[in-house]
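As structure tokens, the structure follows; a few thoughts come after it.
The values are calculated or read from the model by the stated rules, or taken from the named source; none is laboratory data. This is a predicted model, so every value here is computed, not measured. Please note: Cβ atoms are built from the backbone with ideal geometry, for glycine as well, and neighbour counts cover all protein chains shown.
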Amino acid sequence: MGYKKDMSKYENLEGWERCGFGEQLDRWAEKYGERIAVTDSEDEISYMELKQKADCLAAAFLRKGILKGDKVLVQLPNRISFVIVFFALSKIGAVPIMMLPAHREAELEGIIELAKPAAYIVVEKYLGFSYVPMANAMKEKYSCIRHIFVDSESGDISGMIAETYGENGAFPAVDGYETAVLLLSGGTTGVPKLIPRTHTDYMYNARMSAKRCRLDSSDVYLASLPVAHNFPLCCPGLLGTLDVGGKVVLASATSPDDILDAITEEGVTITALVPAMVTVCMEMLEWDEDYDISSLRILQVGGAMLEDSLADKIIEEWPCKLMQVFGTAEGLLSFTSPEDEGSLIARCQGTPVSPADEVKIVDEEDKTVPEGVFGELLSRGPYTIDGYYMAEEANKKSFTPDGFYRTGDKAMWTKDGRLRLGGRIKEQINRAGEKIMPSEIEAYLCRHLEIKEAAVVGVPDETLGNRICAFLVTDDEAGIDLQEIHRFLREIGVAAYKMPDQIERVETWPLTSVGKIDKKALERMAQEK
Ligand code: OOB
């Protein structure tokens with residue numbers, strides 16, 4: 001066992017509260033009552049109704065035998081049922097595992113083997129994909145999965161809510177220091193990593209984010225990204241907006257027209273995008289003048305490096321404040337402030353959101369580097385985890401002995417005391433905000449009968465930030481092309497966002513002086529093609 005965080009250290013922080021999300025929802029319902037809490041493309045729900053439905057569903061889960069501490073895979077898109085499910089599970093102390101709609105068998109299997117979920121909640125169909133056969137196959141293969149609950153118009157979730165309507169169930173007590181959610185870590189190495197966030201630290205995460213955004217009950221937050229991701233869920237996202245009594249709009253898909261439509265129609269005041277999405281939204285705005293984004297107060301941009309030129313362009317062309325957001329699902333968040341000068345906002349990722357965040361920037365020997373010099377960003381603090389879920393080996397690598405999380409990011413302190421990110425130190429590809437570990441894709445590729453060896457690198461790309469290039473050593477006659485690679489990866493159940501954008505065949509590898517595959521050389525080769 002490594003370092004263990006002492007939560008009592010944080011008890012005096014403003015916004016720190018030892019309480020579960022279920023209880024938080026009860027208080028919000030009391031305080032904000034009939035105000036609209038959440039809307040999606042089909043419906044809207046008030047705070048009071050959200051509480052009532054979460055209570056019903058929680059009672060129904062208990063009746064089906066879902067117990068406190070059980071893990072539950074949740075794979076739902078941006079819709080009201082996601083929110084009801086989240087709070088229903090919180091109320092009984094069951095722990096949702098936040099799968100993304102894009103995940104397929106390959107991702108699910110690793111996570112099921114690690115976390116042994118008792119149930120799997122899926123949307124029936126989303127963006128043309130039917131989830132039920134996949135869920136049934138998982139249940140068949142893994143006996144830990146006792147239940148599959150399907151969310152559709154007349155499916156299990158709505159049926160369960162109707163079934164227990166009006167009952168006053170007694171729920172198990174939930175301590176704020178217990179795990180509330182398991183978030184997925186960006187980029188796994190074959191063995192996936194899950195991030196355990198407690199009710200208390202996650203609520204604090206939402207509150208500190210909301211505070212930095214100056215969020216209040218007049219705000220309308222648009223979740224443009226999949227809401228199972230930390231950024232739209234909690235930074236301040238869905239949870240931070242509900243805490244202040246605002247309204248959350250769930251965009252059903254992440255296309256620019258969905259986003260711009262929602263902003264126009266709902267009077268959205270704040271939303272969060274990754275840089276690649278900003279670019280497409282800007283293009284869309286240029287040729288369609290019917291959109292009205294004048295209600296926007298803050299545009300949060302994060303998840304990947306924001307180029308200086310794009311930052312300048314946002315500040316010049318958007319009628320709102322740009323907020324640069326550096327974030328991690330493991331914890332640490334650093335945002336610019338709405339009051340900062342534009343020139344400053346454009347060139348940094350601000351300051352950590354909590355006064356209790358401890359941030360260090362270190363060299364290869366873990367020695368602190370001076371201001372203005374890049375090093376690796378390390379963090380420890382009230383809402384940063386002290387270890388991944390059941391991952392002793394990975395924890396030794398990802399945390400220092402005194403409990404600092406190694407982000408794997410290059411960063412420096414600027415002379416104005418702001419953080420500026422400078423790309424990755426650890427090998428991880430950031431493709432339009434999605435994090436991909438090369439080793440994971442390499443392992444999948446090597447399952448192809450014609451592929452002898454594979455090396456995957458991220459290549460700088462104007463629209464995506466990074467594109468995925470796979471270098472392959474194959475049998476001489478194998479006519480493997482990109483299409484075949486995509487077909488194969490789809491067949492073994494790999495999420496679409498991990499599909500290589502480019503493949504190159506090689507006969508021998510360029511090697512480093514110590515005889516490892518020279519990935520820098522591969523990157524250059526991929527760029528020259
Ligand atoms: C967010 O969380 P994750 O866990 O998907 O990814 C974290 C990683 C960071 O370690 C860094 O490599 C990259 O994403 N990143 C950025 C960045 N924000 C995140 N790199 C450069 N500039 C930025 N502004 O991506 C996430 C979580 C909460 C809020 C926002 C993003």
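Structure values in brief
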{"quantity": "Elements of type helices (runs of 4 or more DSSP H) contained in the stretch 196-269, each with 3 or more residues being under 30 Å from LYS5 (Cα atoms)", "calculated": "199-212, 230-234, 237-244"}
{"quantity": "Options ASP55, ASP40; residue that is crowded, with 18+ Cβ neighbours inside 10 Å and touching a strand residue (DSSP E or B) at 6+ places or on another chain (Cβ under 7 Å)", "calculated": "ASP40"}
{"quantity": "Any hit, the stretch 487-497, residues being part of a loop (DSSP other than H, G, I, E, B), without any contact (Cβ under 8 Å) to a residue 24 or more places away in the chain and among the small types (Gly, Ala, Ser)", "calculated": "no"}
{"quantity": "Residue check, LYS415 more than 15 Å from the ligand (Cβ to nearest atom), surrounded by fewer than 17 Cβ atoms within 10 Å (Cβ to Cβ), more than 27 Å from THR200 (Cα to Cα) and not acidic (Asp, Glu)", "calculated": "yes"}
{"quantity": "Residue selected from the stretch 421-444 under the condition more than 9 Å from the ligand (Cβ to nearest atom) and closer than 22 Å to VAL362 by Cβ, by the criterion surrounded by the fewest Cβ atoms within 10 Å (Cβ to Cβ)", "calculated": "GLU427"}
{"quantity": "Flag for ILE145 being at pLDDT 95 or above, part of a loop (DSSP other than H, G, I, E, B) and not aromatic (Phe, Trp, Tyr)", "calculated": "yes"}
{"quantity": "Where a residue in the stretch 283-296 is over 18 Å from LYS313 (Cα atoms) and its partner, wherever it lies, is acidic (Asp, Glu) and at pLDDT below 95, with Cβ under 8 Å and at least six apart", "calculated": "none"}
{"quantity": "Residues of the stretch 496-517 satisfying the condition of being of a type in the set (D, E, K, R) and at pLDDT 90 or above", "calculated": "LYS498, ASP501, GLU504, ARG505, GLU507"}
{"quantity": "Residues within the stretch 70-108 that are of a type outside the set (A, V, I, L, M) and without any contact (Cβ under 8 Å) to a residue 40 or more places away in the chain, tallied", "calculated": "0"}
{"quantity": "Filter pass, GLY15 being in contact with a Ser or Thr (Cβ under 9 Å, 6 or more places away or on another chain) and either among the polar types (S, T, N, Q) or buried (at least 21 other Cβ atoms within 10 Å of the Cβ) (or both)", "calculated": "no"}
{"quantity": "Number of positions in the stretch 331-360 that are more than 24 Å from the chain's Cα centre (by Cα) and without any contact (Cβ under 8 Å) to a residue 60 or more places away in the chain", "calculated": "5"}
{"quantity": "Pairs where the first residue, in the stretch 298-320, is aromatic (Phe, Trp, Tyr) and the second is more than 10 Å from the ligand (Cβ to nearest atom), C-beta under 6 Å, 6+ apart", "calculated": "TRP318/LEU299"}
{"quantity": "Test: residue in the stretch 384-406 that is in a strand (DSSP E or B), within 16 Å of the ligand (Cβ to nearest atom), under 17 Å from LEU184 (Cα atoms) and charged (D, E, K, R)", "calculated": "yes"}
{"quantity": "Subset of the stretch 445-463 that is touching a residue at least 12 places away in the same chain (Cβ under 8 Å) and more than 18 Å from LYS519 (Cα to Cα) - its residue that is nearest to the ligand (Cβ to nearest atom)", "calculated": "THR463"}
{"quantity": "Subset of the stretch 498-515 (residues that are of a type in the set (S, T, N, Q) and either under 14 Å from LEU445 (Cβ atoms) or in contact (Cβ under 8 Å) with a residue 40 or more places away in the chain (or both))", "calculated": "GLN502"}
{"quantity": "From ALA356, ALA346, residue being out of contact with any strand residue (DSSP E or B) (no Cβ under 9 Å at 6 or more places or on another chain) and at pLDDT 95 or above", "calculated": "ALA356"}
{"quantity": "Neighbours by Cβ (under 6 Å, 6+ apart or cross-chain): first from the stretch 222-239, touching a residue at least 40 places away in the same chain (Cβ under 8 Å) and more than 13 Å from ASP40 (Cβ to Cβ); second part of a helix (DSSP H, G or I) and more than 9 Å from the ligand (Cβ to nearest atom)", "calculated": "LEU239/ALA206"}
